[in-house]
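Before any comments, here is the structure.
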Amino acid sequence: MTIPAFGLGTFRLQDDVVIHSVKTALELGYRAVDTAQIYENEAAVGQAIAESGIARHQLFITTKIWIENLSAEKLIPSLQQSLSKLRTDYVDLTLIHWPSPGAAVSVKESMQALMAAKEAGLTRQIGISNFPIALMKEAIAAVGIENIATNQIELHPFLQNRSVVEYAKQQGLHITSYMTLAYGEALRDETIQSIAHKHQATPAQIVLAWAMQSGFSVIPSSTKRDNLASNMDAANLTLDAEDMKSISSLDRQQRLVSPEGLAPDWD
């Protein structure tokens, strides 16, 4: 099992908006959809998938366990609720969304509960999200690197998370990038716009292509059909070494997602 390089994110999309986004994306050929318990849109995502008529085995569905459900007694029941909302017997990937604040629930307990969910057939793969190096080490110690499919982290041209990425590569752990377009800020960058002009592509396509060529999976979201289609075309774009070097130089450790009381000690 591998993580698709390209998928649809659903963060901040709810109700009819997320239903329309998911159904449109699936019509266009998307086959990976990323959601989470805290997004409060699993039921709407499940409805959109059901109404799409696409066979379940053709899809890759990811959800994430919220911090309130990280304990051994709560994790599997909460995942079962997610499956019910998503109208499926299993998800392809389940992540710990954020480490338990203050280590109220240990990484070991959560990861072992995720493993139990995998062994029960509720999820095909398991992984982590927003884990710095120290907590990645705890997760690996808990269940083994071979059982951790990805670490989903904020990663974009302005925050390239090099220490985390380097450690993950050393361990053979895949990275999934979220917020890849930096809330749209990357699309206004002159360097990226210049590369887009060179390739007759959109700035979004350039950034997504950069991330995928760097070996990361991406899960951009959109509510507009044209943008959904355009983003998908990024997979067909090849940047040269000069392009990659130029985007690499944009790193300024600009973190956009670091909720107070929730964020771990970042590297």
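The values are calculated or read from the model by the stated rules, or taken from the named source; none is laboratory data. Quick caveat: nothing in here was measured; it's all calculated off a predicted structure. Here the Cβ positions follow ideal geometry from the backbone for every residue, glycine too, while neighbour counts run over all protein chains shown. Accessible surface is based on the protein model in full, side chains and every heavy atom, while ligands, DNA and RNA are left aside. Shrake-Rupley method; radii C 1.70, N 1.55, O 1.52, S 1.80 Å.
When region 231-267 is limited to residues that are among the polar types (S, T, N, Q) and not in a loop (DSSP other than H, G, I, E, B), the one that is most open to solvent (accessible area, probe 1.4 Å) turns out to be ASN236.
Taking region 118-142 as the range and being surrounded by 21 or more Cβ atoms within 10 Å (Cβ to Cβ), among the small types (Gly, Ala, Ser) and in a helix (DSSP H, G or I) as the test, only ALA139 passes. Scanning region 23-41 for residues that are more than 15 Å from the chain's Cα centre (by Cα) and either open to solvent by less than 10 Å² (accessible area, probe 1.4 Å) or not acidic (Asp, Glu) (or both) yields LYS23, THR24, ALA25, LEU26, LEU28, GLY29, ASN41.
Residue-by-condition table, conditions (1) closer than 30 Å to GLU51 by Cα; (2) modelled with pLDDT under 95; (3) of a type in the set (Gly, Ala, Ser):
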position	(1), (2), (3)
ILE67	no, no, no
ILE76	yes, no, no
LEU93	yes, no, no
GLU109	no, no, no
ALA113	no, no, yes
GLU119	yes, no, no
SER129	yes, no, yes
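Applying the criterion of being outside any loop (DSSP other than H, G, I, E, B) and among the β-branched types (Val, Ile, Thr) to the residues of region 71-115, the residue that is nearest to ASP265 (Cα to Cα) is VAL107.
Output the number of residues of region 26-70 satisfying the condition of being outside any helix (DSSP H, G or I) and charged (D, E, K, R). Adding up the residues that qualify gives 4.
Filtering region 111-141 to residues that are within 19 Å of the chain's Cα centre (by Cα) and either polar (S, T, N, Q) or over 22 Å from SER217 (Cβ atoms) (or both) leaves THR123, GLN125, SER129, ASN130. Residue by residue through region 143-169, note down the ones that are part of a helix (DSSP H, G or I) and aliphatic (A, V, I, L, M). Scanning region 143-169 gives VAL143, ILE145, VAL164, VAL165, ALA168. Pairing each residue of region 1-21 that is touching a residue at least 60 places away in the same chain (Cβ under 8 Å) with any residue that is assigned to a strand (DSSP E or B) and surrounded by fewer than 16 Cβ atoms within 10 Å (Cβ to Cβ), provided the two are 6+ apart or on different chains, yields C-beta distances under 9 Å for MET1/ARG124. Within region 105-132, being in contact with a strand residue (DSSP E or B) (Cβ under 9 Å, 6 or more places away or on another chain) and of a type in the set (A, V, I, L, M) holds for VAL107, MET111, ALA113, LEU114, MET115, ALA117, LEU122, ILE126, ILE128. Restricting attention to region 193-219, the residues that are under 19 Å from the mean Cα position of the chain (by Cα) and either over 12 Å from ALA5 (Cβ atoms) or open to solvent by 60 Å² or more (accessible area, probe 1.4 Å) (or both) total 6.
Can you say whether SER177 is in contact with a helix residue (DSSP H, G or I) (Cβ under 8 Å, 6 or more places away or on another chain), part of a strand (DSSP E or B), at negative phi and of a type in the set (Gly, Ala, Ser), as far as the supplied structure shows? Considered against the rule, which asks whether it is in contact with a helix residue (DSSP H, G or I) (Cβ under 8 Å, 6 or more places away or on another chain), part of a strand (DSSP E or B), at negative phi and of a type in the set (Gly, Ala, Ser), SER177 comes out as yes. A single entry from GLU68, GLU40 fulfils the requirement of being under 22 Å from TYR183 (Cβ atoms) and not β-branched (Val, Ile, Thr): GLU40.
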